[in-house]
Every structure is written in structure tokens, then in C-alpha cells.
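A.B. asks: Got a structure for you, written out below as C-alpha cells; questions coming shortly.
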Amino acid sequence: MFGRSPIASLAALSAVLLALGATASAQVQSSIGVAASDYPFLIQGKTVPGNGTLLEAEAVTSSYSPVLVDLADGARYILGIGSQARFAQDRIRLDGVSLEIASSGPQPQRIEVAGLALITTAPGSRGAVYTDQRDRVSVWVESGEITALGQLGKQLAKIGAGESLTISDTNSDLGPDVQDKRAPLEIARIQLRQLEHLAAVESESPPIRDKRRELTVALVEASGGLLRSGSFRSDAKVNMVIPTGMPAVNPEILLAATVRVGEELYRVRIGESGCGGPRCKSDDPPAARNTFDGWRGGLPAPFPSCTLCRVSSTEEP
């Protein structure tokens, strides 16, 4: 007699289910875009063989091929070889090593890198960001404008179309060091590092070898021999001291070379080898991460990554 009536019990159960449903809906991450690559890559630490949906604040890690990221707001980015970035609706955090801004979209975009914030202050801005250390970032702008903000939002510099800039010592108590002549050298150094990372897949995709050597020679010659191939095989030793203002280095020539190499690096296709059939692909392709010094501050730390490998195929050619 004192038990709850069936109707009351049903009503109570419905209320609980509704509450649980509301909680689950609140925890569901929203989709902010899609990511795609010719080579397997990672989204939040999980291997993606071709393309995948990108959710709020998820980390994308590339391997031996760039990853194209199209965001729902119209912005488009290309994550460089051996790089990692986390994408959110209101910002992007680049951990390393390179990120091309193919189009910043109609609204200003915020890229957090090396303790700084880079804001695309002109709609549809294009350019690239390079970093492999916690306190140094180099920026090149193809079109539009990017504003660099330091601690507490203090404006450090504005980079316009055709300009490049390196900002070092971003965490120094004395304030960052802004250098325009250093940028082409820093960009070329990181590009050389990416080219050497790409060398691991030459046995699987032989055509890469000639292109990689061609681009390496272009950077070495444009630097007047200051940069050398083979200097960055140890990922633990990338803090090469680069002097500035040397007569042997022409910043304009070197910058032009980095622009050309950047275009090639972001558009390298190594998804197929030989005739492109499964029998021409290695069953166990080389797999490795391009480690870098990492991020300090900003969004949460990147999701732990693992090695990548191609999804095996048993399909007959």
C-alpha cells in the first residue's frame, strides 16, 4: 500500500533518463572540421589511415606526409611533415614543427606557439609558422597580415605580406628578441630537418629521394653553405646557433628558397609507391615520430602520441 504507483515510478525513471541524456549531450564534443592526409596520421593519439572528423581541442599529429585541416569556419591549414597541433574553435596551438595557413578564413584566427599568440588580422591571410623549440618561432606571411602578441597581450610585431620574422627568448624576463634577418635561416633550418625526417620513407617510395636531395641542395646553396645537410639527425640536438647579418647570407635569396621548398614540402605525395598496388607497398613501412622540444603554456598538454604505421591491405592489384 505504501509502495510507489507504477505511474509515479515511470515518471521518476523518465526524469532520470532525461537527466542522464542531458549530461551525456553536454559531454559530447562538437565537430569543428575534418583532417586528411596521403599517409596515416594521428588524431588524439589514434591512427587515421586517410581522413577523419576533428572534434573540439583534439590534437593532430602528422607523420611523413602533410595533413590538410579544413575547419568549419572556413579556415584551412596544412600541418607540415612530422608536426603536431591542437585545433579548437577559438584557437590553434602549434607544438611543432610547421603549420601553413592556407587561408585564415573570414574571421581572425589565433595560433598559440612558443608562448606567443599569432593573430591573423586580415581576412584570408596566408603564410606559415615554424618552431621546434619552446622559446622560438619564425613566421612568414604570403598575403594579409599577422600580429604577434606576447605576454599579457602586448603587441610585439606586425608581419605583412612578403615579410618574415623570428621571435626568440619568448619566455625571458627581459622580453622577447625580434629579428627579421634571422627568419630565413631559422625557416630553412627547420625545413632541412623535415627533409631529413622524410628520408626514412625513401626505401618505400624511391621517387622521394631525388626530390628531397634537390630541395636540400637548394637550401644549402641559398644559405651560402651556412646550413648543412646531416646536421639534425639527432632530434635531441636541434639548438643550432645561427649567426645573423653574415655577408655570405642574402636574406632575400634564402627566403625565396624557403618559400619554394615550403610549397614542395606541403604538397609531397608519398601515399603510393611503385605501381601503387598493394604488392608494391611495404608490409611494415618505416614508422617514427619527429620529436621536438614541445609547448609551454596555453591549452592542455598534447595527447601522448605513438608510432605510426600504414594500414595493411590484402586486396589484389
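A.B. asks: Does Ser168 satisfy being surrounded by fewer than 15 Cβ atoms within 10 Å (Cβ to Cβ) and polar (S, T, N, Q)? It would help to see each step written out before you state the result.
C.D. replies: Values: surrounded by fewer than 15 Cβ atoms within 10 Å (Cβ to Cβ): no; polar (S, T, N, Q): yes.
Criteria not met by Ser168.
A.B. asks: Taking Val97 and the conditions (1) assigned to a loop (DSSP other than H, G, I, E, B); (2) buried (at least 22 other Cβ atoms within 10 Å of the Cβ), which numbered condition does it fall short on, given that it satisfies the others?
C.D. replies: Against the list (1) assigned to a loop (DSSP other than H, G, I, E, B); (2) buried (at least 22 other Cβ atoms within 10 Å of the Cβ), Val97 comes up short only on (1).
A.B. asks: Right, another one. Would you point out which residue out of Leu165, Leu156, Leu118, Leu174 is more than 12 Å from the chain's Cα centre (by Cα) and in a loop (DSSP other than H, G, I, E, B)?
C.D. replies: Numbers: Leu165 fails: in a loop (DSSP other than H, G, I, E, B); Leu156 fails: in a loop (DSSP other than H, G, I, E, B); Leu118 fails: in a loop (DSSP other than H, G, I, E, B).
That would be Leu174, the only listed residue that is more than 12 Å from the chain's Cα centre (by Cα) and in a loop (DSSP other than H, G, I, E, B).
A.B. asks: So, Gly82, is that one within 25 Å of Leu149 (Cα to Cα) and part of a loop (DSSP other than H, G, I, E, B) or not? First the steps, then the outcome.
C.D. replies: Details: within 25 Å of Leu149 (Cα to Cα): no; part of a loop (DSSP other than H, G, I, E, B): yes.
Here the answer is no, as Gly82 does not meet what is asked.
A.B. asks: To continue, here is another question. From Ser83, Ser138, Ser143, Ser103, which residue is closer than 24 Å to Val261 by Cβ, crowded, with 16+ Cβ neighbours inside 10 Å, of a type outside the set (A, V, I, L, M) and at pLDDT 95 or above? Before you say what the answer is, go through the steps one by one.
C.D. replies: Working: Ser83 fails: at pLDDT 95 or above; Ser143 fails: crowded, with 16+ Cβ neighbours inside 10 Å; Ser103 fails: at pLDDT 95 or above.
So the residue among Ser83, Ser138, Ser143, Ser103 that is closer than 24 Å to Val261 by Cβ, crowded, with 16+ Cβ neighbours inside 10 Å, of a type outside the set (A, V, I, L, M) and at pLDDT 95 or above is Ser138.
A.B. asks: Every residue in the range 35-48 that is in a strand (DSSP E or B) and either under 15 Å from the mean Cα position of the chain (by Cα) or of a type outside the set (Lys, Arg) (or both), please.
C.D. replies: At the first step, the residues of the range 35-48 found to be in a strand (DSSP E or B) are 35-37, 41-43, 46-48.
Passing the criteria: Ala35, Ala36, Ser37, Phe41, Leu42, Ile43, Thr47, Val48.
A.B. asks: Kindly establish whether Glu186 is surrounded by fewer than 22 Cβ atoms within 10 Å (Cβ to Cβ) and either at pLDDT 85 or above or part of a loop (DSSP other than H, G, I, E, B) (or both). Step through it out loud before you land on a result.
C.D. replies: Details: surrounded by fewer than 22 Cβ atoms within 10 Å (Cβ to Cβ): no; either at pLDDT 85 or above or part of a loop (DSSP other than H, G, I, E, B) (or both): yes.
Considered against the rule, which asks whether it is surrounded by fewer than 22 Cβ atoms within 10 Å (Cβ to Cβ) and either at pLDDT 85 or above or part of a loop (DSSP other than H, G, I, E, B) (or both), Glu186 comes out as no.
A.B. asks: Any idea which residue in the range 49-71 is surrounded by the fewest Cβ atoms within 10 Å (Cβ to Cβ), counting only those that are assigned to a loop (DSSP other than H, G, I, E, B), at pLDDT 90 or above and among the small types (Gly, Ala, Ser)?
C.D. replies: So the first thing to find is which residues in the range 49-71 are assigned to a loop (DSSP other than H, G, I, E, B), and the list is 49-50, 56-57, 62-66.
Filter once more, so that each one left must be at pLDDT 90 or above: 56-57, 62, 66.
Now restrict to residues that are among the small types (Gly, Ala, Ser): 57, 62.
On the way: Ala57: 18, Ser62: 27.
Filtering first and then ranking leaves Ala57.
A.B. asks: Six or more apart or on different chains, Cβ atoms under 7 Å: show the pairs whose first residue is in the range 79-106 and under 20 Å from Leu198 (Cα atoms) and whose second is part of a strand (DSSP E or B) and among the charged types (D, E, K, R).
C.D. replies: As it stands, the answer is Gly80/Glu100; Gln84/Asp95; Ala85/Arg93; Ala85/Asp95; Gly96/Asp132; Val97/Asp132, since those pairs meet every condition given.
Okay, residues lined up against (1) touching a helix residue (DSSP H, G or I) at 6+ places or on another chain (Cβ under 7 Å); (2) in contact (Cβ under 8 Å) with a residue 60 or more places away in the chain; (3) of a type in the set (A, V, I, L, M, F, W, C):
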{"position": "Ser143", "(1), (2), (3)": "no, no, no"}
{"position": "Leu152", "(1), (2), (3)": "no, no, yes"}
{"position": "Gly160", "(1), (2), (3)": "no, no, no"}
{"position": "Ala183", "(1), (2), (3)": "no, yes, yes"}
{"position": "Ala188", "(1), (2), (3)": "yes, yes, yes"}
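A.B. asks: Look at Gly74 and say whether it is modelled with pLDDT under 90, on the phi > 0 side of the Ramachandran plot, out of contact with any Asp or Glu (no Cβ under 9 Å at 6 or more places or on another chain) and surrounded by fewer than 20 Cβ atoms within 10 Å (Cβ to Cβ).
C.D. replies: Values: modelled with pLDDT under 90: no; on the phi > 0 side of the Ramachandran plot: yes; out of contact with any Asp or Glu (no Cβ under 9 Å at 6 or more places or on another chain): yes; surrounded by fewer than 20 Cβ atoms within 10 Å (Cβ to Cβ): yes.
Judged against the criteria, Gly74 is not a match.
The values are calculated or read from the model by the stated rules, or taken from the named source; none is laboratory data. Owing to the predicted nature of the structure, the values given are computational and were not obtained by experimental measurement. Please note: Cβ atoms are built from the backbone with ideal geometry, for glycine as well, and neighbour counts cover all protein chains shown.
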